[in-house]
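The values are calculated or read from the model by the stated rules, or taken from the named source; none is laboratory data. Only a predicted model underlies this, so the values are computations on that prediction, with no experimental measurement involved. Here the Cβ positions follow ideal geometry from the backbone for every residue, glycine too, while neighbour counts run over all protein chains shown.
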Amino acid sequence: MAYSNKVIDHYENPRNVGSLPKEDPNVGTGLVGAPECGDVMKLQVKVNPSTGVIDDAKFKTFGCGSAIASSSLATEWLKGKTVDEALAIKNTDIVTELSLPPVKIHCSVLAEDAIKAAIADYKKKQDTSVGKSADTHAQPTA
Amino acid sequence: MAVKLPIYMDYHATTPTDPRVVEAMLPYFTQHFGNAASRNHPFGWEAEEAVDKARKQVADLIGANAKEIVFTSGATESDNLAIKGVAEMYREKGNHIITCVTEHKAVIDTCKRLEKDGYRVTYLPVQKDGRISLDGLRAAITDKTILISIMTANNEIGVIQPIAEIGTIAKEKGILFHTDAVQAVGKVPFNVNDLKVDMASISAHKMYGPKGVGALYVRRRNPRVLLAPQIDGGGHERGMRSGTLNVAGIVGFGKAAELCRLEMAADTARLSALRDRLNARLHKGLDEIYINGSVEHRLPHNLNISFAYVEGESLLMGINDVAVSSGSACTSASLEPSYVLKALGAGDDLAHSSIRFGLGRWSTEEEVDYVADKLTSVVTRLREMSPLYELAKEGVDLSTMQWQTEGQH
């Protein structure tokens with residue numbers, strides 16, 4: 001399999017590998033994929049509550065080089081974006097940037113899913129803390 | 001001394017042709033170029049003589065008679081000829097074939113084709129160690145069973161099936177027994193009479209011979225196996241396989257077989273020591289790595305290991321100066337990992353994390369050490385970025401987790 005130089009670069013020098021505290025109300029965590037499919041991505045965003053801007057993003061990925069590169073690139077793009085801007089990131093943008101071949105498009109889809117899941121988790125936490133007095137959405141996200 | 005890169009450690013895929021084999025072949029391209037079927041001039045006689053010598057060399061390696069060797073283009077053709085040839089020839093006797101889920105595609109897909117033509121095929125499962133159950137085999141036999149086809153050694157996990165026991169059962173029941181012996185012949189002792197094999201597929205390029213030439217051993221006595229030819233033409237190879245013989249290739253095959261016969265004991269001792277060294281060094285540097293398949297019943301030069309929490313393709317990317325294979329195939333929409341590893345029941349995640357190492361005649365201790373050390377560092381790095389490793393270290397049982405597979409499947 002021939003990988004593009006950008007994929008190789010992200011694989012060899014992955015950006016933002018690591019974890020943020022998932023209990024932090026300003027951190028949203030997305031965990032997508034499944035081990036039996038050969039891809040699992042964990043992507044986290046830390047949002048500044050006053051500005052709504054993503055201050056930090058981290059990932060950990062079990063998957064092929066293209067999956068690692070897709071999530072690494074996603075964290076790079078997320079930093080400095082507002083939550084709404086982040087939701088506008090499309091998997092096709094990742095495909096183009098990394099020159100992913102057709103058989104690796106699912107890696108970019110998973111990265112987009114991970115972004116959406118992380119932001120959904122963040123929003124859920126915000127709703128929960130805002131609505132705490134009203135006692136709605138009181139379920140912990142476990 | 002620095003190790004020379006890239007390192008070839010994929011000897012199950014193919015082997016380099018031994019220079020002594022190439023030397024033996026060369027005169028048959030230019031000098032002795034005759035057609036072995038030309039009966040009326042010395043060019044043909046020379047070629048035929050060379051083929052006869054090679055036939056004897058191949059037969060000697062497996063304890064057969066030279067007349068029982070049918071040369072083919074390779075083991076895929078041999079598998080096709082054996083299975084389709086028996087199915088067609090013995091159709092009146094029955095329509096049931098027994099094989100196994102971990103067979104090579106050349107056997108599985110041939111059986112699938114026959115199923116479309118009205119044959120019934122039983123695909124025996126394998127146990128955790130990769131071997132079939134003999135009780136399971138006995139239970140699968142019916143009065144319509146005409147053929148049992150079980151490989152000698154598996155191409156991914158190197159596990160050796162109980163061939164002599166299967167041969168005994170087949171003989172008791174009067175059923176023909178074919179074995180795809182590609183990975184075993186030339187590497188471990190293989191005798192068609194001791195093993196009670198009726199047909200065996202062999203390939204030259206897996207045993208330091210050239211590509212494009214193989215053989216099917218077809219028993220001539222007790223019982224005499226009859227095959228319906230699958231390629232029609234000039235009636236070469238006792239009518240079982242038409243087509244002008246690849247004389248240079250066959251000469252190389254013969255030489256390769258002779259070298260394997262003479263050097264097998266020494267090669268086996270050296271390679272199993274190297275394999276054990278590789279295994280020990282990996283286990284020293286890494287936790288949670290698992291050997292796939294039986295350690296006891298295994299080719300001496302094979303190691304197949306799952307590196308938990310790390311995906312195989314990303315692992316290969318990290319060791320791109322080493323030629324090995326992964327059981328993970330993250331290249332299709334289905335993301336199916338190796339069907340052989342899945343059949344062992346180890347779990348798809350471990351199947352995705354596997355690497356097959358195949359050592360061979362030119363593997364060295366330096367290469368083994370380099371590969372083990374490089375893998376140790378790459379696995380360690382990839383685990384640091386693996387969410388599965390993190391979860392496992394937090395004490396989460398991955399097998400009970402609910403995975404979100406949004407958008408997929």
Of the residues B:SER332, B:SER325, only one is crowded, with 20+ Cβ neighbours inside 10 Å and at pLDDT below 95; which?
B:SER325
If you go through the stretch B:351-372 one residue at a time, do you hit one that is farther than 23 Å from B:HIS12 by Cβ, in a helix (DSSP H, G or I), within 11 Å of another protein chain (Cβ to nearest Cβ) and free of Cβ contacts under 8 Å to residues at least 60 places away in the same chain?
no
Against the definition (modelled with pLDDT of 95 or more, closer than 29 Å to B:SER326 by Cβ, outside any strand (DSSP E or B) and of a type in the set (Val, Ile, Thr)), how does B:ILE132 come out, yes or no?
yes
Given the criterion more than 8 Å from every other protein chain (Cβ to nearest Cβ), more than 24 Å from B:THR380 (Cβ to Cβ) and out of contact with any His (no Cβ under 6 Å at 6 or more places or on another chain), identify the matching residue among A:LEU43, A:LEU20, A:LEU78.
A:LEU78
Test: B:ILE157 is assigned to a strand (DSSP E or B) and not charged (D, E, K, R)
no
Going by the structure shown, is B:ARG298 away from chain A (no Cβ under 14 Å), farther than 30 Å from B:LYS53 by Cα and crowded, with 22+ Cβ neighbours inside 10 Å?
yes
Tell me the helices (runs of 4 or more DSSP H) entirely within the stretch B:1-91 that contain at least 3 residues that are touching a residue at least 40 places away in the same chain (Cβ under 8 Å) and closer than 30 Å to B:VAL324 by Cα.
B:19-25, B:42-62, B:75-89
What residue, of B:LEU388, B:LEU341, is part of a helix (DSSP H, G or I) and over 21 Å from B:GLN161 (Cα atoms)?
B:LEU388
Select, from B:PHE33, B:PHE71, the only residue that is at pLDDT 95 or above, of a type in the set (Phe, Trp, Tyr) and surrounded by 21 or more Cβ atoms within 10 Å (Cβ to Cβ).
B:PHE71
Number of the exception - A:LEU31 against (1) within 17 Å of B:VAL310 (Cα to Cα); (2) buried (at least 24 other Cβ atoms within 10 Å of the Cβ); (3) not hydroxyl-bearing (Ser, Thr, Tyr)
(2)
Any residue that is more than 21 Å from the chain's Cα centre (by Cα) and among the polar types (S, T, N, Q) - is there at least one of those in the stretch B:103-121?
no
Of those in the stretch A:55-70 that are without any contact (Cβ under 8 Å) to a residue 60 or more places away in the chain and at the interface with chain B (Cβ under 9 Å from one of its Cβ atoms), the residue nearest to A:LYS90 (Cα to Cα) is A:ALA67
Residue by residue through the stretch B:264-287, note down the ones that are without any contact (Cβ under 8 Å) to a residue 60 or more places away in the chain and either closer than 30 Å to B:GLY34 by Cα or among the acidic types (Asp, Glu) (or both).
B:ASP276, B:ASP287
For B:SER386: the one exception among (1) among the small types (Gly, Ala, Ser); (2) more than 9 Å from chain A (Cβ to nearest Cβ); (3) touching a strand residue (DSSP E or B) at 6+ places or on another chain (Cβ under 7 Å)
(2)
Exactly one of B:ILE250, B:ILE305, B:ILE231 is surrounded by 15 or more Cβ atoms within 10 Å (Cβ to Cβ), of a type outside the set (S, T, N, Q) and assigned to a helix (DSSP H, G or I), and that one is B:ILE250
Kindly provide the set of residues from the stretch B:149-198 that are of a type in the set (Gly, Ala, Ser) and surrounded by fewer than 24 Cβ atoms within 10 Å (Cβ to Cβ), ordered by number.
B:ALA164, B:GLY167, B:ALA170, B:GLY174
